[in-house]
Structures are given as structure tokens and as C-alpha cells.
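First up is the structure itself, then whatever we jot down about it.
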Amino acid sequence: MRLILPLLLGLTLCGPVMAQTPEAERSIVSTVVAEHDRHIDLLERMVNQNSGTLNLAGVRAVGEMVRAELEPLGFDVRWIDMAATGRAGHLIATHDGGGRNVLLIGHLDTVFETDSPFQVFERDGSQATGPGIGDDKGGIVVIVAALRAMQAAGTLEGSNVTIVLTGDEERPGEPLDVARRDLIEAGRVADYALEFEGLVVNDGVDHATVARRSAASWTLTTGGVTGHSGGVFNETLGYGAVYEMARILDTFRRDLPEPNLTYNVGVIAGGTPAGIDADGFRVEASGKTNVVPEIAIARGDIRTLTPEQEARVRGRMTAIAAQNLPRTTSELVFGDDGYPPMAPTEGNLALLARLNAVNRDLGLTEMPALDPALRGAADSSFVAADVDTLAGLGAYGRGAHAVGETLDLDSLVRQSQRAAVLIGRLSLGE
């Protein structure tokens, strides 16, 4: 088992004088190791409690498990009900010891609802499987383990820590401005934000996340004049809805390639008639080979790295859609349910530099920044415009969102050690 016991004797801290001493940091890392079995037990209990996003009682139950861990550490814990958005709610915990405010972000819910066949924690040595074990219950355990180690070392007392664990990260409630209101407010008053979604390991090297792309939906509807297919392409019938849909989507593909941009088509239908359900997930259509289709509908997403890129690409997509083939129409609508981008700012890179200072002092390999194209959107994106943010600080696992999701239990140790030292340095540093 890879349990990191760093050589902190003789540690020399660079930069500002830190109130968190080398002795305290030695205590932190040894406490994490000593409590490893306790943390695995907490993980097992949380994983065995189903908390699919739509299992409102289950999400609240996991929240209560976390409350039981945080209140003995001196946190003021409250539950923010989200009945107005059709979701269970969020857990917010605060500990104001007077230092700089460090916001810790994670989520209580998983993609595995009560009807999933994947429901139980199972362990095989240093590996374990279970629903949401890495996304994001392993991340929650890293937070708890880090804070417990800080308390044992005496560094939690003076630290100013806010925790926001959302209950609907996997399927956000609507309206989104209500569903993420409390997280956004916490970001606006924080000095730093750390997000505990899963760690990414490539070629055996731990990577840190300084940027995430956005995720916004779009709906494209095209219309045409219906009639006998023998008249398609003529001045009376024109090209029909499906050819107009094909023109627009293929022009997106040909004309809009650029780094960090994708625009996926998730569902499509065309015919006479065609329609899509209120949730935008299911389409149906009917038609005949000898009938020019009068309507086509497609839904997809767009992912960008910066707000400027998103605004520019949306404008180009809208212009392409407006160049209609003869006797056709089109309407491109962008949804208001999107996640903003977490751009790779200088502040985020500076946070990574501070994390790598921790890594050097703990005897761990320094962490390069992960290619943002390898990460999906997450709750950290909602605060990144207001506060320097570092993401992907949870435990390392594989197969997220799939039956058989696996976690490397040893990664709980090094991630908790990194987090505890970093939180203390950020909050207590001058």
C-alpha cells in the first residue's frame, strides 16, 4: 500500500512565513495514515447508501453522514433545501478560525439511481468498487480525512474553511441560477477554491486540474415545405427540413474546428411530423420515402474553454444556421442550463504551484496541469470566475458513471495529506 510518510525533518518553507509549522505537517501526514481504515469504513457506509440524484431521501442521508463527521470538528453545518428545483438540497459547512477563506467543493449525489443493479461497496485489497465510490464519495472522504488530520495537528483551529457539497451535480435542478445560488455566493467571498472530484492519473503521474471546459446545450429546429418527393430541389418545394439540418451540422463540422472546442449532436429526428419531448431527451418522427420532410430536430452540446471562445463560437453557429437553403427555415436556441467554463487563469496556475510546493515537501512527484479536454464540466466552474480554483483533488478511480466504478484506496492517503497541508498553508499563510 502506498502510504506516504514524507521526510519533513529539516523542511524549509519558501515564500511567506507560514503559521502551519513543519511539525504540524508531520502530524498531519501521520494522522492520515493512522486513520486510513476509519476513512475506508466511512467510504463504505456512504457508498452503500444509494444517493442517486433523484433519490432525495438518499442524498439527504449521505448529507447526514457528512454532518456527523464535520460537527465534532467545530463546523457549523446546515442543509439548504432545494425543493424549489426538484432536488434534495445541498450541505454547507463553515469553520471560521480567522484565516483566509478556503472553499472546498464536492457533491453528495451519484448517477446510480435506486433501480440500478450497481448498489454495493466491495473491496479487494487496495481496490474497491461501488456506485459513486470515486464520483464523488471518495472526494468527500478526502475532505473529511484532511480536516480530521488538521484538527489533530492543531491547524484547523485558525483556519477559515467553507464546504459546499451539492446534492444534484450529476443532474442539476432547475432553474440553474437557484440550484447553484449558494455555491456561487460562497465562491464570491472565498480567497481560494479547491474541488474534490476524482484525481486523474496518466502514465502513472498524478495530474491537477486548472481548467475545465463549459457544457451548454443547444436545440436546432429546421423546417421545409412538404410535398411529393418528385418535386424536391425545385422552386416550389426547395430542399426540405432534413437537407437543411444536414447542411447546418456538416458546416459546423467543417468550419468550426479549433482547440478545446467540441459540439456534439446527441439526438436527432426528421420527418413529417417530428417532435421532441419536454425534457429534450426523446425524439420521434414518421415519414415516407416519397414525402419531403417538413421538420427536423437535433439537440446537442457545446464545450469551450473560455467565455470569450463560447461567445464567439455561438455567434458563428448562429450565422451558419441562418444561411438557409431555398424554401427552408432554421432556429438555433442555446439552453440556459449550462455549466460555465473554468478558464486556465494565472491564479489557477499559481494555486497549482503552491500544491507542487506541498508535493515537494511531502516527497511526492510534482503534478502537471491536465489537458482540459480530458475533463468534463463540474461545480467548480460556477465559482472559477470569482476565485482562483484548483480541481480534481479527490481520490483516484476508474470507470466513473459505469457499473464497476473502481477506487484506488491508497490514493485516499496521498490526496488527504496533500489537501490538509495545502488547506492549512492557504488559510494560515500571511
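The values are calculated or read from the model by the stated rules, or taken from the named source; none is laboratory data. Computed from a prediction, not measured in an experiment: that's the story for all the values here. Methodologically, a virtual Cβ is constructed for each residue, glycine included, from the backbone with ideal geometry; neighbour enumeration extends over all protein chains shown. Surface accessibility is based on the protein's heavy atoms, side chains included, excluding ligands, DNA and RNA. Shrake-Rupley method; radii C 1.70, N 1.55, O 1.52, S 1.80 Å.
Observations
- Between the Cα long axis of helix 56-70 and the first principal axis of the chain there is an angle of about 20°, rounded to the nearest 10.
- Once all protein chains are placed together, ASP96 keeps about 120 Å² accessible to a 1.4 angstrom probe.
- Among VAL201, THR306, LEU147 the positive-end extreme of the charge dipole of the chain (Cβ point charges): THR306
- For the stretch 375-406 versus the stretch 150-220, the gap between their alpha-carbon centres in whole angstrom: 7 Å
- The overall shape of the stretch 85-179 is oblate: from the C-alpha gyration tensor, with semi-axes ordered a ≥ b ≥ c, the ratio a/c is 1.5 or greater and a/b is no larger than b/c.
- Residue order for TYR396, TYR243 - accessible surface, 1.4 angstrom probe, largest first: TYR243, TYR396
- Computed about its Cα centre, the charge dipole of the stretch 121-221 is approximately 100 debye, with only Lys, Arg, Asp and Glu carrying charge at their Cβ.
- Diffusion constant of the stretch 198-246 at 20 °C, which comes from Stokes-Einstein with the Kirkwood Cα-pair radius and 1.002 mPa s, µm²/s: 140 µm²/s
- Modelled label reach - ARG67, point 7 Å along Cα→Cβ, the stretch 110-151 residues with backbone N closer than 14 Å: none
- Estimated dipole of the chain in Debye, rounded to 20 [Cβ of Lys and Arg +1, of Asp and Glu -1, Cα centre]: 660 debye
- Taking the accessible area of the chain, probe 1.4 Å, and keeping the other protein chains in place, the carbon and sulfur fraction comes to 52%.
- In this structure the chain gives 40 Å² per residue of accessible area when probed at 1.4 Å with all protein chains present.
- Per-pair calculated FRET efficiency, R0 = 25 Å: ARG253 and LYS288 via Cβ, rounded to 0.05: 0.30
- A helix-only calculation puts the chain at -10000 deg cm²/dmol for mean residue ellipticity at 222 nm, using -39500 (n - 2.57) for each DSSP H run of at least four residues, averaged over all residues.
- Label-to-label distance for VAL403 and ASP76 is 4.6 nm, based on points extended 7 Å past Cα in the beta-carbon direction.
- Here Cα extents along the principal axes in Å was calculated from the structure, and among [x] 68, 50, 49; [y] 84, 44, 39; [z] 68, 64, 42 it sits at label [y].
- Estimated Rh, the stretch 246-301: Kirkwood, alpha-carbon pairs, angstrom: 12.7 Å
- Accessible-area value, ASP386, 1.4 Å probe, nucleic acids and ligands omitted, Å²: 80 Å²
- Considering only beta bridges that DSSP places wholly inside the chain, some 75 percent are antiparallel.
- Rounded if a/c under 1.5, otherwise prolate or oblate - the stretch 369-425, Cα gyration tensor axes: oblate
- Taking all protein chains together and rolling a 1.4 Å probe, VAL283 ends up with roughly 50 Å² accessible.
- Overall dimensions of the stretch 277-364, expressed as equivalent-ellipsoid semi-axes from the Cα gyration tensor (√(5λ), whole Å, largest first), are 45, 17, 10.
- Added length on full extension, which subtracts the Cα-Cα distance from 0.36 nm per residue, THR365 to ASP124: 84.1 nm
- Whether the stretch 121-224 is rounded, prolate or oblate, judged on the alpha carbon gyration tensor where a/c under 1.5 counts as rounded: oblate
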